[in-house]
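> Let me begin by handing over the structure; questions about it come next.
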């Protein structure tokens with residue numbers, strides 16, 4: 001049996017590699033989602049990228065390349081692929 005000890009973090013908590021103790025106990029970090037009781041759609045709407053999805057789709061249709069920059073956790077890598085996949089029949093990318 002392993003000495004696995006999870007460590008739960010709230011969004012307001014910060015943990016750098018300097019804060020970790022160097023004991024022999026394995027640890028993992030979980031991010032606490034205080035909105036877990038809400039539906040997936042409601043959680044998606046709370047992400048900052050949600051308000052810009054139409055603008056991003058417009059830019060994808062108009063330009064061949066789009067560079068997307070946003071804060072960590074805004075939904076770039078989880079939501080943009082879903083938005084694009086849902087919009088593919090509507091996009092007229094040539």
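The values are calculated or read from the model by the stated rules, or taken from the named source; none is laboratory data. Bear in mind the structure is a predicted one, so any value in this text is a computation, not a measurement. Cβ coordinates were reconstructed from backbone atoms using ideal geometry, including for glycine residues, and neighbour counts include every protein chain displayed.
> Can you tell me which residue within segment 35-55, out of those that are touching a helix residue (DSSP H, G or I) at 6+ places or on another chain (Cβ under 7 Å) and in contact (Cβ under 8 Å) with a residue 24 or more places away in the chain, is surrounded by the fewest Cβ atoms within 10 Å (Cβ to Cβ)? Give the derivation first.
Taking segment 35-55 as the starting set, the residues that turn out to be touching a helix residue (DSSP H, G or I) at 6+ places or on another chain (Cβ under 7 Å) are 35, 44, 47, 49-50, 53.
Narrowing the set further to residues that are in contact (Cβ under 8 Å) with a residue 24 or more places away in the chain leaves 44, 47, 49-50, 53.
On the way: 44: 17, 47: 17, 49: 20, 50: 15, 53: 19.
This residue is 50.
> Got at least one residue in segment 23-30 being surrounded by 11 or more Cβ atoms within 10 Å (Cβ to Cβ) and modelled with pLDDT of 85 or more?
No: segment 23-30 contains no residue that is surrounded by 11 or more Cβ atoms within 10 Å (Cβ to Cβ) and modelled with pLDDT of 85 or more.
> Here are the criteria: (1) modelled with pLDDT of 90 or more; (2) under 14 Å from the mean Cα position of the chain (by Cα). Tell me which single one residue 46 does not satisfy.
Unmet for residue 46, out of (1) modelled with pLDDT of 90 or more; (2) under 14 Å from the mean Cα position of the chain (by Cα): (1).
> I'm trying to understand the selection: among the residues of segment 67-94, which are modelled with pLDDT of 90 or more and over 15 Å from the mean Cα position of the chain (by Cα)?
67
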